[in-house]
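S.K.: Handing you a structure now.
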Amino acid sequence: MNTPKLHFQEQITSSIRTRSDQMHVEIWDVIRKKWLVCTPEEWVRQHCIEYLILFGYSSHHVQVESGLTTIHKKKRSDIIANINGKPHVLVECKAPSIKLNQDTFNQAFNYNTAVNAPFIWITNGMQHLYWDCTRNCQIKGLPAI
């Protein structure tokens, strides 16, 4: 896999660990503490995790691909960052080649009906969109914690 340069600070990009063999590239997941196949979406997800940790969220309070139920369907959220045991940010990650559109927003908002996080971050690594669910408006970035 040719890993594209994403729109994250160099400090985040440089902390991402990968390894490869003849078959595939793997990426280290600091939350699940294991090597994963480095798909384009996983590439974005790991950058988001590093960003959240750099931003001040404890790695012990970040959940990756945790199960949730939305209107009788079982799904998996990409990332949930918690504060004081409660969801604070729900992150929906897409591969860099996927354009963020209404379907992406609908997916994240649907997941958040089960999570009830006050903030949603939707990203493909190239574009970052943030939503304040308490005020029902788009914001420029995640608020300081």
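The values are calculated or read from the model by the stated rules, or taken from the named source; none is laboratory data. Note that the structure is predicted; figures quoted are calculated from it, not measured. Here the Cβ positions follow ideal geometry from the backbone for every residue, glycine too, while neighbour counts run over all protein chains shown.
S.K.: Which one is surrounded by the most Cβ atoms within 10 Å (Cβ to Cβ) among residues in segment 115-131 that are under 24 Å from I98 (Cα atoms) and touching an Asp or Glu at 6+ places or on another chain (Cβ under 8 Å)?
M.R.: T123
S.K.: Looking only at segment 99-145, filter to residues that are part of a loop (DSSP other than H, G, I, E, B) and small (G, A, S); which one of those is nearest to I83 (Cα to Cα)?
M.R.: Top of the filtered list is A117.
S.K.: For residues that are in contact with a Ser or Thr (Cβ under 9 Å, 6 or more places away or on another chain) and assigned to a helix (DSSP H, G or I), scanning just segment 3-44, find the one that is surrounded by the fewest Cβ atoms within 10 Å (Cβ to Cβ).
M.R.: Of everything passing the filter in segment 3-44, P40 is surrounded by the fewest Cβ atoms within 10 Å (Cβ to Cβ).
S.K.: Within segment 70-92, is even one residue surrounded by 16 or more Cβ atoms within 10 Å (Cβ to Cβ), assigned to a loop (DSSP other than H, G, I, E, B) and in contact with a Lys or Arg (Cβ under 8 Å, 6 or more places away or on another chain)?
M.R.: Checked segment 70-92: at least one residue is surrounded by 16 or more Cβ atoms within 10 Å (Cβ to Cβ), assigned to a loop (DSSP other than H, G, I, E, B) and in contact with a Lys or Arg (Cβ under 8 Å, 6 or more places away or on another chain).
S.K.: Still on this structure, I have one more. Only one of these conditions is not met by T39: (1) free of Cβ contacts under 8 Å to residues at least 40 places away in the same chain; (2) over 26 Å from A117 (Cα atoms). Which number is it?
M.R.: It is condition (1) that T39 fails.
S.K.: Right, here's the next one. Within segment 76-133, can you find the residues that are closer than 14 Å to E41 by Cα, among the small types (G, A, S) and at pLDDT 95 or above?
M.R.: Answer for segment 76-133, where residues must be closer than 14 Å to E41 by Cα, among the small types (G, A, S) and at pLDDT 95 or above: A95, S97, G125.
S.K.: Now, a different point. Taking segment 61-75, which residues are under 15 Å from D29 (Cβ atoms) and at pLDDT 95 or above?
M.R.: V62, Q63, V64
S.K.: Quick check: anything in segment 52-67 of a type in the set (V, I, T) and more than 25 Å from S14 (Cα to Cα)?
M.R.: no
S.K.: Okay, next question. Of the residues T134, T104, only one is among the hydroxyl-bearing types (S, T, Y) and crowded, with 16+ Cβ neighbours inside 10 Å; which?
M.R.: Only one candidate passes the filter, namely T104.
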